[in-house]
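Please read the structure below before turning to the comments.
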Amino acid sequence: MKKELPKAYEPSKYEDGIYKKWEKSGLFNPDKIPPTPFNKGGVLDKRKSYTISMPPPNVTGTLHMGHAVMLAIEDILTRYHRMKGERALWVPGTDHAAIATQTKVEKELRKEGKDRHKLGREKFLKEVNKFAQESHDTIVNQIKKMGSSCDWSREAYTLDEVRTRAVRTVFKMMYDDGLIYRGERIVNWCPRCHSTLADDEVEYKEQKAKLYTFKYSKDFPFTIATTRPETKLGDTAVAVNPKDERYKKYIGKEYEVDFVGIKLKLKIIADREVDMEFGTGALGVTPAHSMIDWHMAEENKLDIIKVIDEDGNIREGFDPFSGEDVFRARKMIVNKLKKDKLLEKEEEVDNKLSICYRCDTPIEPLPSLQWFIDVHKKIKRRGNKSIKELSVDAVKKGVFGRDKINIIPTRFEKNYFHWMDNLRDWCISRQIWFGHQIPVWYCGKQAQTIKKMGFAGDIVTQVFDTKTRTYRLRDHGIKVGDIVAFEDSAKKIIFGQGTITEVSVINVGQINLKDKKHWKTYEKREELIAAFKRHHPEKKINNNTKVWIYTYKFDNNLLSKGCGTTIVDIEAPKVCPSCGKKENLIQDSDTLDTWFSSGLWTFSTLAQKPDQIKIKDGKLVIDSEDFKNFHPTNVLETGYDILFFWIARMIIMTTYAIEDIPFQDVYLHGLVKDEKGKKMSKSLGNTIDPLDMIKKYGTDATRLSLVIGSTPGNDMNLSEDKVAGYRNFANKLWNISRYIITNYELTITNKEINQNNLTSADYWILLRMCRLIILVKVDLDNYRFSQAGERLREFTWDDLADWYLEASKFEQTKEKEKILAIILNDLLKLWHPFIPFVTEAIWKELGHKDLLMISRWPDENYYTKIQYENNVAGFNATTFIVKAIRDARAQNKVEPAKKIKAVIYAGKNKELIESQAELIKSLRTGINELEIKDEGPKIKDAIYITVGEIDIYLIGAVDEEKEKERIKKEIENLEKVIKSAKMKLGNKEFVAKAPEKVVNMEKNKLKKAENELKKLKK
RNA sequence: GGACGAUUAGCUCAGCUGGUUAGAGCACUUCGUUUACACCGAAGGGGUCGUAGGUUCGAAUCCUACAUCGUCCACCA
């Protein structure tokens, strides 16, 4: 079977073809793995299963190094367990990534001059889905490029039909259990995204801010300090520390003040959280626009006055500040305070600005009507524990009869507990369109469309041309007759009532204000006209004054007809269960936080059809074979940066919904940074694109560079050089195989070796292989990928290529072919999970018909049966002697081409060394004549080497000076060893307390070194 | 403010429960066309393991401070 192979391995010529072959074989699907010669039939059905859910990349994303690490590690695990004969399933999928995707599409639309509000929900979602589909194909192809052996037949998407069913079912369960509630709470609001954000979606940016110290009014007794004077328009209290002597006397008192023209009622309250050192030690409480203040207001039953609207502008009713954005309002207020001589101080302080993690826009805390998950409510059906308690227990001690979830590295468990302890109710509603629309329907009253109006004429273009105008039209809590979102420059008034739940313009039309036929549905026309006159005294209303009508969707619409029932269900209700009518049903327009659906990922992906997902006895049941076979998953592997975002939420959702853990182990990899340790980012231009690396150096090299030289949970710095280094390794493995394949007839049908025909080198490599198999198994079972990889590399390059193969060139024995075949086959298997392509390519060249991918993992028992004892010493000695001779020659500057004579005094090892004579001569020692004796006289004018009890003389090449130097250095080294050993052995306590093994080791070391030293000094 | 991580050769990093003369890869120096591989081979130089204490017969490894860098969490009125 001797054959020709190309000299260098070119990954690009093999990889795509190999992946296609794998895919075509269908064997990524564990149900399809047939019995093979390596994986004998019968074991198939009862095999242990092994499952990993792939953290779904965003549909609109492209592959980056983070994905590459994730894919490399998970593929290693999957391939390893598959080869061990387990039913290994790796479920791939993608995430719709609500806000991220919507933002991306909106950006694209804006380039074309389009806007989602103009398109309307339906058309916009069509656009998003189109974009998502295209993007999906890109990311999937990139995942394949990485060699990922995931089962594409089970691919899932967080927004597909089955997953939607899971989301709605869990939502309903939680609602029925009273865990999901709707309420007006202060939330993190992004005025750009126009949506709420979860607590952990808020990021902070260091900045300088001005801290203003002032009095509300002349008659207020003391000063307060704030960086946000504009919010003070909504102050309803002033908080001081109860211990603060300065303010004790005021606590409990109430003041009415005129703050820059706005009347405020302020109660002085005490709160321990107030820092006496900060500012004046007194803090104005703005319940509507600060998280802390909101809680103070709850405790002290304070009024809540909203100042800022959802566009980040001052609301109606705060003239002259109304309609101004927060920055302008701040300036105006500060100027007014200055003018009134109320401003005492203006100083610069360090401040952290909260910003949106998606778009960096400053966050406004706002009270808003939203859906929440109660994390504290005890659930009867779950042992009267809250979801928070269940999630803590799952990691602390295990729940539902499962072992505790292990987080690797364990130090992250601490982070997890800390996060869980501080978890507040989770706001799950988002005011965006792309995502799982909340499965809640209102009958009439609760939600209906209502018309809003703006004046037309010269302002038409303004209203329609800028996004901000449209955004301004939205607001909360509008009552009948209210004039909302009033803005002077836009010159428009809007009329309506209720809470807007949707911001799309459903209908736009122009009517004439005085023309009565347009006012059939509005009896408040006169009121509207009056309002308009108030705001625009200069405008005359005549028969030609036209008004734009915006039709918006509202809640609590008095003008609507329905019965007001709220319905939470899995499917859209056909009729209202309360009034039996269908025409007034409207679905809540909010969508769910994307992590709600990803929280269900490990089990929702194991359902194939929506009707397999059911509620049974207050528990979610997935009635599928896959769920029975593959859940809980074995390991969840991902970057530590989404421990809270995702992992914690999966634990929350899974323990609650199905009364089980989502996974047994969590393996957290570090983040990939550039070679200087900086975070990779497009703006810094320091990204290394995994696809570039794959193109240039191959997938195998890219994978190795991400796996070797890194430890779990620690960031790694990646440079192109590193990848190139592993490209070299892949080529090395190729050439090792090439050499063996082209020089030997490899037979693999019979693995029985005749031990009588083995050389010492054969035993030596078999023993090392034996150790390798055992250790790599332990490493992989304990997620020590780097260590396993290094061991494999060392064996392949050092032991096999540099020693055994070199020796084999001079040892043409009967069993050589067989041993080489065994070693190479097993080595390819051990390497396969790490570098699947090159190993599969070589495997084919070896003449295998079956895929390496499904071959059986090497069996250590085969190797442990071999009689190594007394058989490896010969080659072991050879390696030492050869190294010593090469070293001595190099130090003496003996030309490599120069052949010399060597004499070895081997003592009692004479026979052993004699058996190695050919190898000692051949392994690049440049020895043409070798004499081996048991002992003899010292030889002058020769290079003298001592290796333990063996003395070697190299004759006819000595360079006196250099040799002296070399001997001197040798002596120094030995003296160092002797000194340290003597110190230890001279210490009575060491001899008494250290384990015998350690003491003996020291003794032997000393004896050997002293012996060598004695000989050198002679 | 709290927590966590890092600090080991010029660079990137290993070093698992304390016992090696402290390792690897890259880079560097010298040499080399040898039945696979120059994406190669042989040999070599290079580290008082951040600092200071402590525990121990013995510390890169455990403990305590400190320093520097980094990350996360909370707060910043």
Length gain on complete extension for the stretch A:Asp403 to A:Ser153, per 0.36 nm per residue less the alpha carbon to alpha carbon distance? 86.9 nm
Anchor A:Lys865: aspartates and glutamates whose Cα lies under 14 Å away (excluding residues fewer than 8 positions away in-chain): A:Glu752
Give the value in nm², to one decimal: projected area of the alpha carbon convex hull of segment A:373-446, averaged over all directions. 7.9 nm²
Among bridges DSSP assigns within segment A:13-172, what percent are antiparallel (round to 5)? 10 percent
Projected onto the charge dipole of segment A:833-926 (+1 at Lys/Arg Cβ, -1 at Asp/Glu Cβ, origin at the Cα centre), which of A:Gly847, A:Phe875, A:Pro896 gives the Cα projection farthest towards the positive end? A:Pro896
Just for the Cα atoms in segment A:636-727, what are the lengths along the principal axes, largest first, rounded to whole Å? 48, 28, 21
Compute the projected area of the convex hull of the Cα atoms of segment A:617-661, averaged over all viewing directions, and report it in nm² to one decimal place. 3.5 nm²
List the pairs from A:Lys385/A:Lys414; A:Lys899/A:Lys1017; A:Lys816/A:Lys921 whose alpha-carbon separation is above 24 Å, in the order I gave them. A:Lys899/A:Lys1017
Return the long-range amide H neighbours of A:Glu344 (sequence gap of 5 or more, or a different chain), with a cut-off of under 5 Å between placed amide H atoms. A:Thr213, A:Phe214, A:Lys215
Segment A:146-225: chymotrypsin sites (Phe, Trp or Tyr not before Pro) in DSSP coil with no more than 16 other Cβ atoms inside 10 Å: A:Phe222
Considering only DSSP beta bridges with both partners in segment A:186-288, what is the antiparallel share in %, to the nearest 5? 80 percent
Report, ordered by chain and residue number, the lysines lying within cross-link reach of A:Lys984, taken as a straight Cα distance under 22 Å and ignoring same-chain residues fewer than 8 apart. A:Lys976, A:Lys993, A:Lys997, A:Lys1003, A:Lys1005, A:Lys1007, A:Lys1008, A:Lys1014
Could you give P(r) for chain A, binned at 10 Å from zero, as whole percent values over all Cα-Cα pairs? 2, 9, 15, 16, 16, 13, 10, 8, 6, 4, 2, 0, 0
Averaging 1/r across every pair of distinct alpha carbons in segment A:225-315 and inverting yields a Kirkwood hydrodynamic radius, in angstrom, of 13.3 Å
Counting only DSSP beta bridges with both residues in chain A, tell me the antiparallel percent, nearest 5. 75 percent
Could you pull out the pairs from A:Lys32/A:Lys777; A:Lys205/A:Lys345; A:Lys232/A:Lys267; A:Lys232/A:Lys336 whose alpha carbons sit more than 21 Å apart here? A:Lys32/A:Lys777; A:Lys205/A:Lys345
Base-10 log of normalised Debye intensity for segment A:894-1018 (one unit scatterer per alpha-carbon) at q = 0.12, 0.14 Å⁻¹: -0.56, -0.72
At 1.4 Å probe size, with every protein chain present, just tell me what the per residue accessible area of segment A:634-731 comes to in Å². 35 Å²
Longer than 25 Å from Cα to Cα, which of A:Lys883/A:Lys910; A:Lys48/A:Lys404; A:Lys404/A:Lys679 are they? Say none if no pair is. A:Lys404/A:Lys679
Using only the C-alpha atoms of segment A:1-160, find the volume of their convex hull and express it per residue in Å³. 149 Å³
On the Cα set of segment A:291-365, report Rg and Dmax in Å, please. 14.9, 41
May I ask you to give the average projected area over all directions of the convex hull of the Cα atoms of segment A:558-633, in nm² rounded to one decimal? 7.1 nm²
Given 10 Å bins starting at zero, what is the percent of C-alpha pairs of segment A:742-800 in each, up to the one with the largest pair distance? 19, 39, 31, 10
Accessible area of segment A:624-694 with a 1.4 Å probe: how many percent of it is carbon plus sulfur? 48 percent
Which value in nm describes the separation of the simple spin-label points at A:Glu273 and A:Lys208, placed 7 Å from the Cα toward the beta carbon? 3.0 nm
With an 8 Å Cα cut-off and a minimum separation of 6 or more residues, compute the relative contact order for chain A in percent. 13 percent
Please list, by residue number, everything in segment A:928-969 whose backbone N is under 20 Å from a paramagnetic label point 7 Å out along Cα→Cβ of A:Glu911. A:931-936, A:949-951
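The values are calculated or read from the model by the stated rules, or taken from the named source; none is laboratory data. None of the values given here were measured: they were computed from a predicted structure. Here Cβ is always computed from backbone atoms with ideal geometry, including for glycine, and neighbour counts include all displayed protein chains. For the accessible areas, the whole protein counts, side chains as well, though only heavy atoms, and no ligand, DNA or RNA atoms are used. Shrake-Rupley method; radii C 1.70, N 1.55, O 1.52, S 1.80 Å.
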